[in-house]
Each structure stands twice: as structure tokens, then as C-alpha cells.
1. Return a yes/no flag: does segment 462-480 have any residue that is part of a helix (DSSP H, G or I) and either within 30 Å of the chain's Cα centre (by Cα) or within 16 Å of ligand 2 (Cβ to nearest atom) (or both).
2. Quick one: is residue 26 within 22 Å of residue 66 (Cβ to Cβ), within 14 Å of ligand 2 (Cβ to nearest atom) and surrounded by 21 or more Cβ atoms within 10 Å (Cβ to Cβ)?
3. Could you list all residues from segment 231-280 that are assigned to a helix (DSSP H, G or I) and within 16 Å of ligand 2 (Cβ to nearest atom)?
4. When you go through (1) in contact with a helix residue (DSSP H, G or I) (Cβ under 9 Å, 6 or more places away or on another chain); (2) touching a residue at least 24 places away in the same chain (Cβ under 8 Å); (3) away from ligand 2 (no atom under 15 Å from the Cβ); (4) in a helix (DSSP H, G or I) one by one for residue 37, which number turns out not to apply?
5. Which residue out of 165, 173 is more than 16 Å from ligand 1 (Cβ to nearest atom) and within 21 Å of residue 395 (Cβ to Cβ)?
6. When the residues of segment 136-162 are narrowed to those that are over 25 Å from residue 404 (Cβ atoms) and not in a loop (DSSP other than H, G, I, E, B), which ends up nearest to ligand 1 (Cβ to nearest atom)?
7. Among the residues of segment 56-72, is there at least one that is touching a residue at least 12 places away in the same chain (Cβ under 8 Å), closer than 15 Å to residue 20 by Cα and in contact with a strand residue (DSSP E or B) (Cβ under 6 Å, 6 or more places away or on another chain)?
Ligand SMILES: CCCCCCCCCCCCCCCCCCCCCCCC(=O)SCCNC(=O)CCNC(=O)[C@H](O)C(C)(C)COP(=O)(O)OP(=O)(O)OC[C@H]1O[C@@H](n2cnc3c(N)ncnc32)[C@H](O)[C@@H]1OP(=O)(O)O
Ligand SMILES: NC(=O)C1=CN([C@@H]2O[C@H](COP(=O)(O)OP(=O)(O)OC[C@H]3O[C@@H](n4cnc5c(N)ncnc54)[C@H](OP(=O)(O)O)[C@@H]3O)[C@@H](O)[C@H]2O)C=CC1
């Protein structure tokens, strides 16, 4: 029997960000392994025309929750969606709901955040810093609270090369930033943002660092732990391999590569691709929740959830495997071009690829759409992909060292059964198998493509290859014809090649006649 699973039995758990990528997998696992838990409160806002109930209904009826419905048939009754907007004072939670949360919650998992790299400083601070402070304040009023688990990111200190499981101070106090945002107007905030974030690459990582500082400063006597996952990818094992449902992180680039939009990207091939499967990234907080509540460590512990130091994989290996999977086994439907990847570290080559292999074909394709009376779209799509690629460049060209003492210590504290049920040991991960399932998952669960369409997609790739050869041959002949018309040297080379071929053929014919 799993000690951790038993620990969550009968508990009231509060999750923020439960509708997000990590939040959904966290909820799924809790219901599947501890079906006797009392209730999961989730703080949700209405979105995209859907009410809270519709959003919950959609999640519970998704493929991800299929196993849960077998193990915990009354899951609908155990999930309590509470209207909340983390951008607002007191999260705009009603008095009654707040009362219930304060008096009943045993464990908090704080996952909600804005993960956009280009968010405004105001919004990112509000969500990643102020809302965290507000939640801690709420937590301090919860008499039954046993543990508060804060999900941060391994990149909150990506301005450092070696990162320990400690909280590093930010140059400007979070409180000062929160206060100044109250009276500064948006234009000024955006102007000072680059000066504030200094050597952090974006607003997201910077505000996550501030969020950690707030957790440290406002921890009071709460029992808190911080988890720092690196780049979270599709599920490795549970509830089934390859599940993924958003285009963040690697997912957008994998699609862009598979569809043949992106042929090259500025990447250091040997840099470590620190991916962590989402099921691993939620098993660790679940184990930490138990450990923090039961063992009550004297100080607040930070846990790194990374793969680089235990089972490293580099971008080269990852890129090759992604492409091999697309080319040989599971191509995407209606690809624009055959998938191909060139990793370059040079700015000049990147600019060249962008102009010749990305923007030019997009313009030509849009011209074709225009000629056939259709809506132009390729240039817009391409620009969006290139913008995303350039935002991710920072992470594709550096390696970090994260120490994992606390994570390894926790692993050794678990019983063999818990090590199996709440596995976060990435040393057991087989990267090639994982990437294959990942790519398959992107096709099935994210793009919702039918597996029955694979033969047609393979045919399409063959047609693209033939078009590619034809196009290159035609281009070569045209350029050559123009050169011959204009340059004596080109004419001489041409005569040399033709006479060489002629002589070779004559010799070949003569020797085969002699043999007969
Ligand atoms: C040579 C070929 C290369 C490939 C070779 C083979 C593959 C190689 C291996 C795989 C590559 C791996 C790449 C790794 C990338 C490394 C990432 C490192 C990140 C580390 C950071 C730390 C990790 C974290 O802590 S948190 C998560 C990180 N956060 C993100 O990833 C968010 C990043 N995204 C953004 O900030 C923005 O999206 C941005 C700025 C990049 C683009 O913004 P823009 O405004 O231009 O576009 P969007 O409006 O955001 O979206 C465009 C389009 O997509 C739709 N969309 C957006 N989000 C989602 C979603 N979650 N789900 C579904 N759809 C979404 C959106 O609606 C838009 O569609 P429209 O139709 O245009 O409306
Ligand atoms: N994905 C990754 O690669 C990594 C993620 N992390 C961390 O993990 C955590 C979860 O990330 P992930 O699941 O990927 O992010 P998602 O973007 O998928 O989910 C974010 C969640 O926050 C919620 N949220 C955002 N704004 C509000 C708001 N104003 N009020 C209420 N809820 C809100 C979203 O709700 P809604 O659905 O309504 O938008 C959603 O549930 C974050 O703290 C992130 O920093 C760390 C490392 C890597």
C-alpha cells in the first residue's frame, strides 16, 4: 500500500491552476491514486464563453480522466469548482466560499501562473507575485493546513549557471515592485521593465523569481515547499504515455518542425535539453506534500525537478529523434514541406535560413494563395513561429547545472511502493522511447489527427520530396542557362562537362560492344 496515497485519503485539497497543463495531471493523479480523498477545491475563472461547470465537465470528460472515472466513479462530487480570478482582490471569491476554503483546506498546491514570456510586467507581477502573496495570506488563516506546495520553475534563476536548491534574493524587493505598480502607469512600467529584469531573459522567469522571494518572506509559520520543474513535456507513463494538450515549451516547435514550417533554429546541439515529463513533474510535488506535512522539515525546502544532471539528453539527440519519428513512423497530415532540421549557432546562418527557407517560401505560398483567390496566411504563421523560436533561443543555447540533493534525499525516504507509484526518478527514462511517444502524443492529443490518416500523410511526404527534387532541378537549370548566356567561363565549363560525358559514353559503348 502506498503511504503517500493513503496520506491524501480523507483530505481537502486546494489547487490553483487546475485547468492548466500541470494542474490537470496533478488532479488526475490525486483522484486515481487516492479516490477516497475528501474534496479537491479548484479556483477557476470562466473562460472562452465557458462557465466553471462547463470547464470542469470538459476536463472530467477528456481522455486524460478516463481511468479516473473507473477508479473513482463519483469524481464529479469530489471536485468543487470555486469561482476565482487571481487578478482580483481576494481573488473575487465569495464570502461563503472563502469561509469554506479557510476552514477546510488541508493541503495547497499553487500552480496558477502566467507562463507567457512576453506578458506585461503588471500582469505577470499580479499573477506570479501578488497572487502568491495573497494565497499565502489565506493559507495563514487556515487552521487545518498541513502543507503549502508552491510550483516555481527551474529557470527562476536562469541568470546563474549553477543553481542550488535555495532561494536567491532578487535585486529589487518584490514588495517595492508591487507597491510601485500601484501608482505607475502602464507606459512607464513597460519602459522600466527591461531595467528591472536585468539579466533575466524574460518577464516570466523574473516574476517567478520574485514569487519565490515572496514565498520566503511571507512564509510565517507555514509548512511550505517549493518545486522547480525544468521544461515540462508530455507524460512519460501515466495515465498513458505521450499526453499533452498545449503548445507551450517544446510542443509548438515540434509541430512547426513536423509540418515542415521550421527547417532551422539557432540551437547549440550539445546543450542539455532539460525536459521533464509532466507526470514526473507532478509526482514530486505529491511526494513533497506528504513529506512536508508528515516530517515537517525545520526550514522551507526547495526541490529541483530536472533531468540534466541525472539523465542528460542534448538538443541534437532530441532533434534527430523527433525528426526520425516524423519521417519514418508518424508524419503529420498536410505538411507544408518535408521535416528537416538544421541546428546552427551562428547569427548569420540563422538570418540566412530565416530569409531563404522560412520567409521566402511563405511569401511564395501566399502569392499562390492570392493567385487562386484564397486568404493569405502563411507569412503570418511563419512570422509567429519565428517569433516563438527567437524567444526560446535563450534556452536552446545554454546549459545549467541544478543540484538535486533534496530531491534525491526525498527519493531515498520513500518506500519501494511509493517510489513506484510516485516515481520521479528520471534516471529510468529512456529518451528515445519517450520522444517517440511524445511526438505521437502531439499528433493524437494535441493536433487530434487520426492514426488512420498515416498512409496518406506518408504519400504526401513522398509527393513533397518529388516536388522538392523537381523544383531544385528546375532552379538549377534556369540559373545555369542564364549563366551560360552571360559568361564565357560558364560556357567553357559546360562544353568541358558535355564533351567529358560524351567521351565517357562512347568509351562505355565501345567496351560493351567488344565484350559481345
Ligand atoms: C529545425 C527545427 C527545430 C525543431 C527540430 C525538432 C524539434 C527539436 C526538439 C524539440 C524542440 C524543443 C524546443 C524547446 C523549447 C525550449 C523551451 C524552454 C522554455 C523554458 C522556460 C521555462 C519553462 C517554464 O517554466 S513554463 C513554460 C514555458 N512557457 C512557454 O513555453 C510560453 C512561451 N510562449 C509565449 O510566451 C508566447 O506564446 C510567445 C511569446 C512565444 C508567442 O506569442 P504570440 O502572441 O506570438 O502567440 P500566441 O498568442 O501565444 O499563440 C499563437 C497561436 O497559438 C495559440 N495558442 C497559444 N497558446 C496555446 C495553448 N496553450 N494551447 C493551444 N493553442 C495555443 C493561440 O491561440 C494562437 O493561435 P491563433 O489561431 O493565432 O489565435
Ligand atoms: N509548463 C512548463 O513547462 C512549466 C511550468 N512551470 C510552472 O508550473 C505551473 C503551471 O504551469 P502550466 O500548467 O504549464 O501553465 P498553464 O498556462 O497551462 O496553466 C496556468 C493555470 O493558471 C491559471 N490562471 C492563470 N491566470 C489566472 C487567473 N487570473 N485566475 C485564475 N487562474 C488563472 C490558468 O487558468 P485558465 O485555464 O483559466 O487560464 C491555468 O489553470 C506554473 O506555475 C509554471 O510557472 C514550471 C516549469 C515548466
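The values are calculated or read from the model by the stated rules, or taken from the named source; none is laboratory data. This one's a predicted model, so the numbers in the text were calculated from it and none came from an experiment. Counting neighbours? That spans all protein chains shown, and the Cβs are built from the backbone with ideal geometry, glycine included.
1. yes
2. Against the criterion (within 22 Å of residue 66 (Cβ to Cβ), within 14 Å of ligand 2 (Cβ to nearest atom) and surrounded by 21 or more Cβ atoms within 10 Å (Cβ to Cβ)), residue 26 qualifies.
3. Result: 250, 251, 252, 253, 254, 255, 278, 279, 280.
4. Condition (4) is where residue 37 drops out.
5. The unique qualifying residue is 165.
6. Looking at residues that are over 25 Å from residue 404 (Cβ atoms) and not in a loop (DSSP other than H, G, I, E, B), I get 136.
7. Yes, the conditions are met somewhere in segment 56-72.
For every residue, the table says whether it meets (1) surrounded by 18 or more Cβ atoms within 10 Å (Cβ to Cβ); (2) closer than 16 Å to residue 229 by Cα; (3) not assigned by TED's automatic domain parsing to the domain that holds residue 406.
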{"position": "156", "(1), (2), (3)": "yes, yes, no"}
{"position": "178", "(1), (2), (3)": "no, no, no"}
{"position": "182", "(1), (2), (3)": "no, no, no"}
{"position": "190", "(1), (2), (3)": "no, no, no"}
{"position": "195", "(1), (2), (3)": "no, no, no"}
{"position": "208", "(1), (2), (3)": "yes, yes, no"}
{"position": "215", "(1), (2), (3)": "yes, no, no"}
